[in-house]
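Enquirer: Shown below is the structure under consideration.
The values are calculated or read from the model by the stated rules, or taken from the named source; none is laboratory data. Keep in mind it's a predicted model, so treat the numbers as computed, not measured. Quick reminder, even Gly has a Cβ in these numbers, built from the backbone with ideal geometry, and neighbours come from all protein chains shown. These area figures cover heavy atoms from the full protein model, side chains too; ligands, DNA and RNA do not enter into them. Shrake-Rupley method; radii C 1.70, N 1.55, O 1.52, S 1.80 Å.
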Amino acid sequence: MYHISDCKKYSRCQRLFVLETESEKQEYRPYVRLDEEVTLLAKEKLGIRDCFKGERGDPFERTLQALETEEWLMKARFEYKGLRVKIPFLHRTPEGWEVYFLFAGLNPRSDDMQFYCDSAWVLKGIGLNITDWYIIHLNGSYVREEELDPEKLFIISDRFYNHKGNPSVRVDEAITSRMRDLSGDIEKMDQLLKDGAPEAVRTNACTGRSKCRHYAECFPGEKEEDDRSIIHLIGSQHRFEMKKHGLARLKDADSRLIEGTRQQYAQIKADENPDGLFVDRPALHAWLESVQFPITFIDFEWERFAIPPYVGMKPYDVLPFEYSIDILHEDGTRDHKVYLSTGDDRRDMAENLLKDIPREGSVMAYNAEGAEKIRIRELADLFEDLSKPLLDINERMEDLQLPFENGVIYDVRMRGQWSLKILMSMMDDPGYHDLDIQQGMDAVFEWRHLDLSEDVENREQIIENLKAYCGMDSYAMTVVFEWLKKLDGSCA
């Protein structure tokens, strides 16, 4: 018996489908926090009092019996030709059945239709008469008050949304036009599991929105590629094609097959240099000249909630729970400060932030526009009396990522990447190696333990690990900044 998740893996990559079927299941660690039972909240929105509620492992016969007697079915399991689906809500009407899909996001779009169409194929296959299709989704404009209001939290829509967030094609029209017979796919999936995983073929699906967890297994040779290999050419659609035709190094890139970005120019020039380093000297010097002491290096850690847990929050709002600050003075001395909270401590965080950051000098973050500036702006919007000094921090903020993002500097050891961890791996510093927490999402998962329970085991150790990880991010920025200063000095 297959599930829609199996069909989606098969559609993305046949090899992925087989490997995932054979691999040990990974613990599900959601990127977005969803503490509330969203189905029960949607049930309140629909005004359902009594209903049939499906359970994991339900035999299909139990659902068929419920179809004979119940007005509402929730989480009902259906099966057809080897595919098993779960339908969030079904409602009986005199004309037939209404289907309510549940989308725990803001604006469902018609560019990801496989779940809806595959579900519809099963319902059609068993002969269910569906008269209307709806999607219940979260309302991005809803602002939580003291109590959560399911009526305002959700929107019931008979349409998908376009990229601007406006209603577009009808759900029933989109499903009807895109639904297809899955019988052939299911037969091929059966055969694949008998034959084993096919050979790896590199496609856009290998990296897509996120790199496939089997990527290294499928292409083991890439780890052994030289730092100067052309496969590290940033943003290149043809890098593997060029390598196939014998253009092995960055400096060998065919000018007709590259996009010509500043980053690519920096990479090619770095490979042409014996030391593997390229520096746009005037640009780096000009950027460093704009930075004023004392320099405050800041990094935030935060949690994102699908359902707003606190007053003033909207669906998918962010709750910052930690920041780390390293202050570098002109005489070379440093100060280090960390703030860590659980629960809703946004006011206290904002007040401490204003105490900890000097009122003069530059403020430095890594990916400032996409992270730290947003977090500070959110706090300023929330606390009007603190807005001016908070926004002043943003006015003084510089982005340490810019010299790398703009191709001002490239070292072949970066291998096409420029995260803080990659940069620190090039420094004469242990960096992140000895930390118990190695990734930002790992920090979030550890913090969830603290936030959800006061009695969590090893609470003090988790707090120490969180402070060490966030503290390493701000410290790493000081190391990278000092490196840039040395490069500027060596180029004088």
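Enquirer: Subtracting the Cα-Cα distance from 0.36 nm times the residue separation, let me have the gained length for GLU482 to THR39 in nm, one decimal. Show your work: numbers first, answer last.
Expert: Values: separation 443, 0.36 × 443 = 159.48 nm, distance 5.14 nm.
Full-extension gain reported as 154.3 nm.
Enquirer: Lys/Arg Cβ at +1, Asp/Glu Cβ at -1, dipole of the chain taken about the Cα centre: which of HIS433, TYR142, PHE160 is farthest positive-ward?
Expert: It is PHE160, whose Cα lies furthest towards the positive end.
Enquirer: Run the dipole for region 135-234 about the Cα centre, Lys and Arg Cβ at +1, Asp and Glu Cβ at -1, nothing else charged, and hand back the magnitude in debye, nearest 20. Before the final figure, lay out the partial values.
Expert: On the way: 15 positive and 20 negative charges, 71 e Å.
Value, rounded to 20: 340 debye.
Enquirer: Here's something else I'd like to know. With +1 on each Lys and Arg Cβ and -1 on each Asp and Glu Cβ, how big is the dipole of region 28-149 about its Cα centre, in debye rounded to the nearest 20?
Expert: Details: 17 positive and 22 negative charges, 108 e Å.
For this selection, approximately 520 debye.
Enquirer: Please list, in order along region 53-64, the HN-Hα scalar couplings obtained from phi with the Karplus expression 6.51 cos²θ - 1.76 cosθ + 1.60 (θ = phi - 60°), rounded to whole Hz, x for Gly and Pro.
Expert: After applying 6.51 cos²θ - 1.76 cosθ + 1.60, I find 10, x, 10, 4, x, 4, x, 4, 4, 5, 5, 4 Hz.
Enquirer: Counting only other residues whose beta carbon sits under 13 Å from that of ASP317, what net charge do I get with K and R as +1, D and E as -1? Intermediate results must be reported in sequence, preceding the final value.
Expert: Numbers: positive: ARG33, ARG144, ARG304, LYS314, ARG346, ARG375, ARG377; negative: GLU303, ASP344, GLU378, ASP381.
Taking every Cβ under 13 Å from that of ASP317, the sum is +3.
Enquirer: Multiplying the sequence separation of LEU402 and TYR215 by 0.36 nm and subtracting their Cα-Cα distance, what value in nm do you get?
Expert: Values: separation 187, 0.36 × 187 = 67.32 nm, distance 2.88 nm.
Stretched out fully, the LEU402 to TYR215 stretch lengthens by 64.4 nm.
Enquirer: Roughly how many whole Å is it from the C-alpha centroid of region 209-257 to that of region 276-324?
Expert: 30
Enquirer: Additional query: Reachable lysines from LYS314, Cα under 16 Å, same-chain residues fewer than 8 places away excluded?
Expert: LYS152
Enquirer: Here's something else I'd like to know. Hey, what's region 39-146 come to in accessible area per residue, 1.4 Å probe, Å²?
Expert: On the way: 5100 Å² over 108 residues.
Ligands and nucleic acids excluded, the figure is 47 Å² per residue.
Enquirer: Sticking with this structure for a sec: Can you give the net charge of the other residues whose Cβ lies under 10 Å from the Cβ of PHE293, counting K and R as +1 and D and E as -1?
Expert: -3
Enquirer: Within region 1-41, name every residue whose backbone N is under 12 Å away from a label modeled 7 Å from Cα of ASP195 along the Cβ vector.
Expert: 14-15
Enquirer: To the nearest 0.05, what FRET efficiency results for GLN461 and GLN26 with a Förster distance of 30 Å applied to their C-beta separation?
Expert: 0.80
Enquirer: Calculate what fraction, in whole %, of the accessible area of region 1-48 sits on carbon and sulfur atoms when a 1.4 Å probe is rolled over the protein chains.
Expert: Within region 1-48, the accessible surface is 46 percent carbon and sulfur.
Enquirer: Helix-derived [θ] at 222 nm for the chain: sum -39500 (n - 2.57) over DSSP H runs of at least 4, divide by residue count, nearest 500?
Expert: Values: 19 runs with 190 residues, N = 492.
Counting only the DSSP helices, I get -11500 deg cm²/dmol.
Enquirer: Share of region 375-492's accessible area from carbon and sulfur, percent, 1.4 Å?
Expert: Working: 2650 of 5670 Å².
Carbon plus sulfur share of accessible area: 47 percent.
Enquirer: Going through region 140-175, which GluC sites (Glu not before Pro) have at most 12 other Cβ atoms within 10 Å and a DSSP loop state?
Expert: Working: sites: GLU145, GLU146, GLU147, GLU151, GLU173; in loops: GLU145, GLU146, GLU147.
Answer by residue number: GLU145, GLU146, GLU147.
Enquirer: Suppose every Lys and Arg Cβ carries +1 and every Asp and Glu Cβ carries -1, with no other charges. What dipole size does region 397-477 come out with about its Cα centre, to the nearest 20 debye? Kindly include the intermediate steps, with their values, before the conclusion.
Expert: On the way: 6 positive and 17 negative charges, 82 e Å.
Once rounded to the nearest 20, the dipole reads 400 debye.
Enquirer: So if I take the centroid of the Cα atoms in region 93-168 and the same for region 422-477, what is the distance between those two points in Å?
Expert: Each part's Cα centre sits 38 Å from the other's.
Enquirer: If you don't mind, there's one more thing I want to ask. Sort 8-18, 53-63, 339-349 by the packing proxy (mean of other Cβ within 10 Å over each peptide's residues), most packed first.
Expert: Details: 8-18: 19.4, 53-63: 13.4, 339-349: 16.3.
Output ranking for 8-18, 53-63, 339-349: 8-18, 339-349, 53-63.
Enquirer: Tell me, what is the per residue accessible area of region 300-408 in Å², probe radius 1.4 Å?
Expert: Working: 4570 Å² over 109 residues.
That works out to 42 Å² for each residue.
Enquirer: Net charge around MET414, counting only other residues with Cβ within less than 14 Å of its Cβ (Lys, Arg = +1; Asp, Glu = -1)? Write down the numbers at each step before the final one.
Expert: Working: positive: ARG228, LYS269, ARG413, ARG415, LYS421; negative: GLU225, ASP226, ASP227, ASP271, ASP275, GLU405, ASP411.
Result for the local shell: -2.
Enquirer: Next up: Under a point spin-label approximation (7 Å from Cα along Cα-to-Cβ), what is the LEU391-SER11 distance to one decimal in nm?
Expert: 4.4
Enquirer: Would you work out which of PRO282, GLN264, GLN237 lies farthest towards the positive end of the dipole of region 216-283, given +1 charges on the beta-carbon of Lys and Arg and -1 on that of Asp and Glu, about the Cα centre?
Expert: PRO282
Enquirer: Starting from the Cα of LYS421, move 7 Å in the Cα-to-Cβ direction to define the label point; list residues of region 432-449 whose amide nitrogen is under 14 Å from there.
Expert: 432-445
Enquirer: Scan around ALA368 for amide H atoms under 5 Å from its own, H built in the peptide plane at 1.01 Å from N, and keep only partners 5 or more places away or cross-chain.
Expert: Here LEU400, GLN401 satisfy the definition.
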